[in-house]
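Student: Have a look at this one.
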Amino acid sequence: MSGDDRFGVREPPLIEGVNHVGIVVADLEEARAHYRDRLGATCSERVDLPDEGVSVIFVDLGNAKIELLQPLGPDSPIRRFLERRPSGGMHHVCLTVADLARATQRVVENGGRILGGGIPRVGARGRPVVFLDPKGFSGTLLELEEAPPRADSVGPTISVPEADPGESSG
């Protein structure tokens, strides 16, 4: 059963499914070739995200994706990860949630911590995302990504403030 029924009221489930698994790689093009040539997977084009300090390629698995990540620039947040693990490895699991504001509120109310000051930002796929402190999830870094609005949905979705073009991210 899903949802919270402590008070006889069924809440809709927060998690809709696994969106992607993030894997840090030393060479993005080589990693893409492995998934494409060895497994026959469909891979996206490389996208550089300078504000996030990463370059990404998505590998389509049908029901989920793999996000291949390579550091972009000297201040990349994943550079240290790659320095400790030169061959790369699994970095995070991204879960799709119907309502990011409700999901983050529940995490915090139940003792979890949102990284980055709890402020959602735009992820690699253009959707609002937050990262959860791995200490609260058995050592696993979780990313929550808000699902795209459905045609039949009603109600607000979380808005992500636009970055000031004169402001540098760090």
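The values are calculated or read from the model by the stated rules, or taken from the named source; none is laboratory data. Bear in mind the structure is a predicted one, so any value in this text is a computation, not a measurement. Backbone-built Cβ (ideal geometry, glycine too); neighbour counts: all protein chains shown.
Student: In the range 129-141, what residues are in contact with a strand residue (DSSP E or B) (Cβ under 7 Å, 6 or more places away or on another chain) and either surrounded by fewer than 15 Cβ atoms within 10 Å (Cβ to Cβ) or under 17 Å from VAL54 (Cα atoms) (or both)?
Tutor: Residues satisfying the conditions are VAL129, VAL130, PHE131, THR140, LEU141.
Student: Enumerate the pairs (first residue in the range 87-115 and at positive phi; second residue anywhere and modelled with pLDDT of 95 or more and of a type in the set (Asp, Glu)) with beta-carbon separation below 9 Å, excluding pairs fewer than 6 apart on the same chain, so at least 6 apart or on different chains.
Tutor: Note: pairs meeting the criteria are GLY88/ASP27.
Student: Would you confirm, using the coordinates I've provided, whether SER55 is under 16 Å from the mean Cα position of the chain (by Cα) and either modelled with pLDDT of 95 or more or assigned to a loop (DSSP other than H, G, I, E, B) (or both)?
Tutor: Answer is yes for this residue.
Student: Starting from residues that are over 10 Å from the mean Cα position of the chain (by Cα) and of a type in the set (A, V, I, L, M, F, W, C), keep the ones in the range 133-152 and report whichever is modelled with the lowest pLDDT.
Tutor: ALA151
Student: Out of all the residues in the range 58-88, which are over 13 Å from the mean Cα position of the chain (by Cα), under 17 Å from VAL21 (Cβ atoms) and not in a loop (DSSP other than H, G, I, E, B)?
Tutor: If the condition is that a residue be over 13 Å from the mean Cα position of the chain (by Cα), under 17 Å from VAL21 (Cβ atoms) and not in a loop (DSSP other than H, G, I, E, B), then VAL59, ASP60, GLN70, PHE81, LEU82 are the ones that fit.
Student: Still on this model: Counting only residues that are in a strand (DSSP E or B) and closer than 19 Å to LEU95 by Cβ, how many does the range 39-52 have?
Tutor: Summing the residues that are in a strand (DSSP E or B) and closer than 19 Å to LEU95 by Cβ in the range 39-52 gives 0.
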